[in-house]
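The values are calculated or read from the model by the stated rules, or taken from the named source; none is laboratory data. Being a predicted model, the structure only gives us computed values, none of them experimental. Neighbour counts run over all protein chains shown; Cβ positions are idealised from the backbone, glycine included. Heads up: the accessible areas ignore ligands, DNA and RNA and are worked out on the full protein's heavy atoms, side chains in. Shrake-Rupley method; radii C 1.70, N 1.55, O 1.52, S 1.80 Å.
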Amino acid sequence: MNGNDRTLITQRLVATPCQPQDREHFTRLERDHEVMRFLNGGAVDDETASNEDTPFLRPRGIERDVWTLRRRAGGGFVGWISLIPGDEDSAELGYRLCRSAWGQGFATEMSRVVVDWGFAHAGYARITAQTMAVNRGSRRVLEKIGMRLLRTEFVAYANPIAGSEQGEAFYEMSHDAWAAARAT
């Protein structure tokens, strides 16, 4: 972390609080069918969709708990990551990356840093995450950073997307588990 400005830095990435000028990049992510397949079943039509109807829609660039991810070398846009407060002592981890950034360990790299920040600086007692059970990539990321699977829920959606029949996987990490893992 860099001072009080909430900038997070890894070996390959820089995460800065999102800004309104990031909206164009966020919109491009949502218009990519593959990026959105586990959230919406495909690309989002931003002209007709609203946050009320689809709460997973991109950040607007004004959210306090969302960081924009860029490569340290060259500053290229990679995606975004968030740690959204839940109840008084928890937050939910979320992220979305450009396809060109998939398979390079960026989600794992920055998720570790954001989780560390959440426990060490924000003082959360637990951090949660959820993904479709069929989303093996995101599940691997959550497991690599030390989150444990709590449960899988099966929901009957009015407009199910491919893979939803396998359920939603819910993950969690407690502050105590995080501290114990850091001590080893």
I need a count of the residues in region 161-174 that are surrounded by fewer than 17 Cβ atoms within 10 Å (Cβ to Cβ) and part of a helix (DSSP H, G or I). 2
Boolean, Ser100 is out of contact with any Leu (no Cβ under 7 Å at 6 or more places or on another chain), on the phi < 0 side of the Ramachandran plot, open to solvent by 70 Å² or more (accessible area, probe 1.4 Å) and of a type in the set (S, T, N, Q): yes
Condition (residue is touching a residue at least 40 places away in the same chain (Cβ under 8 Å), closer than 13 Å to Ser138 by Cβ and within 9 Å of the chain's Cα centre (by Cα)) applied to region 101-121: is it met by at least one residue? no
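Yes/no matrix, rows are residues, columns are (1) modelled with pLDDT under 85; (2) part of a strand (DSSP E or B):
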| position | (1), (2) |
| --- | --- |
| Asn4 | yes, no |
| Leu8 | no, yes |
| Gln11 | no, no |
| Val14 | no, yes |
| Asp22 | no, no |
| Thr27 | yes, no |
| Glu34 | yes, no |
| Leu39 | yes, no |
When region 79-128 is checked residue by residue, the ones that are closer than 17 Å to Met147 by Cβ, small (Gly, Ala, Ser) and not in a loop (DSSP other than H, G, I, E, B) are Ser82, Ser90, Ala91, Gly94, Ala107, Ser111, Gly118, Ala120
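Conditions (1) closer than 19 Å to Phe106 by Cα; (2) touching a Phe, Trp or Tyr at 6+ places or on another chain (Cβ under 8 Å); (3) buried (at least 17 other Cβ atoms within 10 Å of the Cβ), marked per residue:
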| site | (1), (2), (3) |
| --- | --- |
| Ile145 | yes, no, yes |
| Thr152 | no, yes, no |
| Ala156 | no, no, no |
| Asp176 | no, no, no |
| Arg182 | no, no, no |
Report yes if some residue within region 129-144 is in contact with a strand residue (DSSP E or B) (Cβ under 7 Å, 6 or more places away or on another chain), assigned to a strand (DSSP E or B) and at pLDDT 95 or above; otherwise report no. yes
With of a type in the set (D, E, K, R), surrounded by fewer than 14 Cβ atoms within 10 Å (Cβ to Cβ) and modelled with pLDDT of 90 or more as the only criterion, which of Asp89, Asp45 stands out? Asp89
